[in-house]
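The structure under discussion appears below in the form of structure tokens.
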Amino acid sequence: MHTVLTITLLSFAYFKGNWREWEKYHLTIFYVIICNLLYNMIAQDKLLWEYYPDILPKSHTLVDILYSFINLPVITLLYLTHFPFNASHLMKVRYIALWSGVSFVIEYPFYKFGRLLLQNGYEYWMDIFFYIVMYSMIRLHFSRPFLTYILSAIIAAGMIWLFEIPLP
């Protein structure tokens, strides 16, 4: 399932991504990669979600590397390529809600068929809030990176506290 998702995302990105101006998005793509890698490092002893491989060797780490360096960068490129920067605030909120909802729905089969394990107090319904925050932070990072770093630290501290994640 993870491999099919990756191939699908790469196909969409090939045809719909703004590859000519990828430099415009690369700092935000790096931000997303770093956030995912930091989550895995900080929560290594108490992961809230863990990918269970389908084709790759049975290792969360290998699947997460796939997500860190392919899926999430491609999602970020597609998301920012089509973001309605010049639209009304309501249209921007709708765009974030649409991406959050679609991500939430696409993730359900992974959860249902055991390819995404939710644990340590994290439940599937919480993902809708996760996606709203994620897509909002991606958009914010694109225009105000320093503010995004501050908010990211606050959000991470809140998650560490809420889920009682021991620091390594």
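This table checks each residue for (1) β-branched (Val, Ile, Thr); (2) in contact with a strand residue (DSSP E or B) (Cβ under 7 Å, 6 or more places away or on another chain); (3) at pLDDT below 90.
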| position | (1), (2), (3) |
| --- | --- |
| Thr3 | yes, no, yes |
| Ile7 | yes, no, no |
| Phe15 | no, no, no |
| Glu23 | no, no, no |
| Leu27 | no, no, no |
| Leu56 | no, no, yes |
| Leu66 | no, no, no |
| Ile70 | yes, no, no |
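Being over 16 Å from the mean Cα position of the chain (by Cα), surrounded by 13 or more Cβ atoms within 10 Å (Cβ to Cβ) and either modelled with pLDDT of 95 or more or assigned to a loop (DSSP other than H, G, I, E, B) (or both) is a property that does not hold for Ile138. Within the stretch 81-88, the presence of at least one residue that is at pLDDT 95 or above, surrounded by 16 or more Cβ atoms within 10 Å (Cβ to Cβ) and farther than 27 Å from Leu162 by Cα is confirmed.
Quick check on Met126: is it in contact with a strand residue (DSSP E or B) (Cβ under 9 Å, 6 or more places away or on another chain) and either assigned to a strand (DSSP E or B) or modelled with pLDDT of 95 or more (or both)?
Yes: the conditions hold for Met126.
Taking the listed residues Tyr108, Tyr131, Tyr95, the one that is farther than 24 Å from His60 by Cβ, part of a helix (DSSP H, G or I) and not aliphatic (A, V, I, L, M) is Tyr95, with no other qualifying.
The values are calculated or read from the model by the stated rules, or taken from the named source; none is laboratory data. Quick caveat, the model's predicted, so the values are computed rather than measured. Neighbour counts run over all protein chains shown; Cβ positions are idealised from the backbone, glycine included.
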